[in-house]
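Shown next, in structure tokens, is the structure this report addresses.
The values are calculated or read from the model by the stated rules, or taken from the named source; none is laboratory data. Values in this document were obtained by computation on a predicted structure and should not be read as measured data. Areas reflect the complete protein model, heavy atoms only, side chains present, ligands, DNA and RNA absent. Shrake-Rupley method; radii C 1.70, N 1.55, O 1.52, S 1.80 Å.
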Amino acid sequence: MNAVFKREFRAYFTSPVGYVVLAVFLFFQGLYFSYMFSTGYSDITFVFSQLFSIVLFVMPILTMRLVSEDTKQKVDQALFTAPVGTLSIILGKFFAAFSVLAVATSITLIYQFLLSMYVKLNWYVYFSNVVGLLLFGAAIIAVGIFVSSLPESQVIAAIGSFAISLFILTLDTIAEMVNIGFITKVVEWFSFSGRYSTFVSGILDYSNIVFFVSFVAVFLFLTVRILDKRRWA
């Protein structure tokens, strides 16, 4: 797993992908913080609440090549014959993408320290926001890796991930439009924005943590199954 992790993490910064993702995060974090600061609002939760949609549409850029590129270039054949399990391969790729997200998220610590120079801050709320963003991002990364394992084309993988991200973004709207008791409750239970907003409010709800971790585990498991099927075909 370590070898795959190092290879994939290095690949992000030997190509423009890693720099583009970090630049996008820097731009929007700076934009939201500047607006927040200029209006006299001293709670960084505003920045994190806005980053929800940014994560949705940036993570597919990180994940689109993780498996599809290996399939297209036949690198997967070398990985399949290497003395490493499919789960280790997928975990290595997952943690490489997750590490880039963690680096991008850590930038918010600068803004938090800047705010602490002017007002007394609740660091527990900040920690809750960071945990929420990382868990939510991990879930989107897991979905992206799963989608990337289906086609050989990075473009198709990116479009598929974007489509799922758009669906996740509109779940609450769908729940309002359907307005049928049971269906509405099911859709609301799967609502990523609803669960994420709990973290933004400074509440570390363990049910939400379990939801996101389980979501990641399910999609990584599905990806492993797809690669195992391809490995033994």
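When the Cα gyration tensor is reduced to axis lengths a ≥ b ≥ c, the ratio a/c is 1.5 or higher for the range 123-224, and with a/b not above b/c it is classed as oblate. Of the residues 35, 41, 111, ranked by 1.4 Å probe accessible area with the largest first, the sequence reads 35, 41, 111.
Placing 189, 123 in order of accessible area, with the largest value first and a 1.4 Å probe, yields 189, 123.
By how many degrees, between 0 and 90 and to the nearest 10, does the Cα long axis of helix 154-169 differ from the longest principal axis of the chain? With both axes taken from Cα atoms, the answer is about 40 degrees. Taking the square roots of five times each eigenvalue of the Cα gyration tensor of the chain, the equivalent ellipsoid has semi-axes of 32, 22, 15 Å, listed largest first. Across all Cα pairs in the range 104-177, the calculated P(r) in 10 Å bins from zero up to the longest distance comes to 16, 31, 27, 20, 5, 0 percent per bin. Against the main long axis of the alpha-carbon atoms of the chain, helix 2-13 sits at an angle near 60°. Based on the Stokes-Einstein relation at 4 °C and a viscosity of 1.567 mPa s, and on the Kirkwood radius from alpha carbon pairs, the range 1-55 is assigned a translational diffusion coefficient of 100 µm²/s.
Computed on the chain, with alpha-carbon pairs under 8 angstrom and 6+ residues apart, the relative contact order is 28 percent. Largest to smallest in accessible area, the residues 170, 39 fall in the order 39, 170 (1.4 Å probe, all protein chains included).
Helical runs assigned H by DSSP (4 residues or longer) give the chain a calculated mean residue ellipticity at 222 nm of -26500 deg cm²/dmol, each run adding -39500 (n - 2.57) before division by the residue total.
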